[in-house]
Amino acid sequence: MNYRLIEDVIDLVQQFEVENKDTENYEVSVDGFKNWISNGINAVPQEPEWEGKDRGRSAESVINTLIVHLNRYAKSYSKSAILGSDFSTQDDFIFLINLNAFGEMSKMELIKKNVHEKPVGMQIINRLIGLGWIEQRESTADKRSKLISVSEKGLAALEKQMDKIRQATTVVAGNLSRNEKMQLIGLLQKLDDFHQQIYEKNKKTELLLNEALNTILQ
C-alpha cells in the first residue's frame with residue numbers, strides 16, 4: 001500500500017476543508033473535492049504580499065533574504081542539536097552523513113558535494129581526520145589523491161547524535177504540509193540545479209557574477 005499517497009490525499013482533504021469552511025464555494029462531497037482540485041490546478045497562483053513590495057522591492061530580493069534567513073535558522077537548530085557533543089559545526093555531521101550515504105570518495109569530491117570552497121572544506125576534513133572519524137588511504141587510480149571514508153568511530157559519533165540531528169531537520173521544515181513540502185522540494189531542486197552547473201565551472205570570483213547572469217539570459 002502506498003502510504004505516502006494516502007498522506008498526500010489526507011493533506012489535500014484537510015486543506016479543502018479549511019479553505020471551504022468560510023466560503024462554502026464547494027459542496028462537502030467527493031464531487032466538491034474533485035471540483036476544488038480541478039479549479040486549483042487551473043487557477044493562476046495568487047501573488048503573495050511582502051514587506052517593501054509597495055516601495056518596489058523585487059521578488060528576487062525577497063527570495064534571497066528568505067533563503068539567508070532559513071539558512072541561519074537551520075544553523076541555530078543544528079547548533080542546539082550538537083550542543084555538548086564533539087561536533088563543532090553542522091558541517092561536521094553533514095560531511096559524515098554524505099560520506100556514509102555515498103561511500104568512499106576523494107576529498108575534493110566530498111568538498112564539491114557540500115558546495116564548499118577548497119580551503120574551508122579541507123579544514124573540516126582535517127578536523128574530522130584528527131578526531132578519528134574519517135579514514136584515508138592512497139588512491140590506486142591517482143597517487144596524488146587520497147580516498148576518505150567514515151571510520152567506525154565516526155559512525156558511532158554520528159549515531160549517538162543522530163536523533164537530535166533528525167529533530168533539527170524536522171524542525172526546519174516547520175509547519176508545511178506534506179504536499180507543500182513536495183512543492184518546495186521541486187522548486188529548490190530546480191534552483192539548486194541552476195546554481196550547481198555554475199558552481200561546477202569553478203569560475204574565478206571576479207567572473208562568477210557575470211557567468212551567472214549570462215546563464216539566466218541563455
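The values are calculated or read from the model by the stated rules, or taken from the named source; none is laboratory data. Since the model is a prediction, treat every value here as computed from it, not as a measurement. As a convention, Cβ positions derive from the backbone with ideal geometry for all residues, glycine included, and neighbour counts pool all protein chains shown.
How many residues, within the stretch 84-102, are touching a helix residue (DSSP H, G or I) at 6+ places or on another chain (Cβ under 9 Å), exposed (fewer than 14 other Cβ atoms within 10 Å of the Cβ) and either in a helix (DSSP H, G or I) or modelled with pLDDT of 95 or more (or both)?
1
I need every pair where a residue in the stretch 1-27 that is at negative phi and surrounded by 14 or more Cβ atoms within 10 Å (Cβ to Cβ) has its Cβ under 6 Å from the Cβ of a residue that is modelled with pLDDT of 75 or more and part of a loop (DSSP other than H, G, I, E, B), sequence separation at least 6 or different chains.
So the pair list comes out as Asp11/Ser177; Asn20/Tyr26.
Mind checking which residues of the stretch 103-115 are under 17 Å from the mean Cα position of the chain (by Cα) and surrounded by fewer than 17 Cβ atoms within 10 Å (Cβ to Cβ)? Can you show your working first?
We begin by selecting, within the stretch 103-115, every residue under 17 Å from the mean Cα position of the chain (by Cα); these are 110-115.
Across the stretch 103-115, the qualifying residues are Lys113, Asn114, Val115.
Got a number for residues in the stretch 168-192 being more than 12 Å from the chain's Cα centre (by Cα), surrounded by 11 or more Cβ atoms within 10 Å (Cβ to Cβ) and more than 16 Å from Leu12 (Cα to Cα)?
2
Looking only at the stretch 121-153, count every residue that is of a type outside the set (Gly, Ala, Ser) and either free of Cβ contacts under 8 Å to residues at least 12 places away in the same chain or farther than 19 Å from Asp86 by Cα (or both) and tell me the total. Can you show your working first?
Of all residues in the stretch 121-153, those of a type outside the set (Gly, Ala, Ser) come to 122-129, 131, 133-138, 140, 142-144, 146-148, 150, 152-153.
Filter once more, keeping what is either free of Cβ contacts under 8 Å to residues at least 12 places away in the same chain or farther than 19 Å from Asp86 by Cα (or both): 123, 126, 136-138, 140, 142-144, 146-148, 152.
Residues meeting the conditions: 13.
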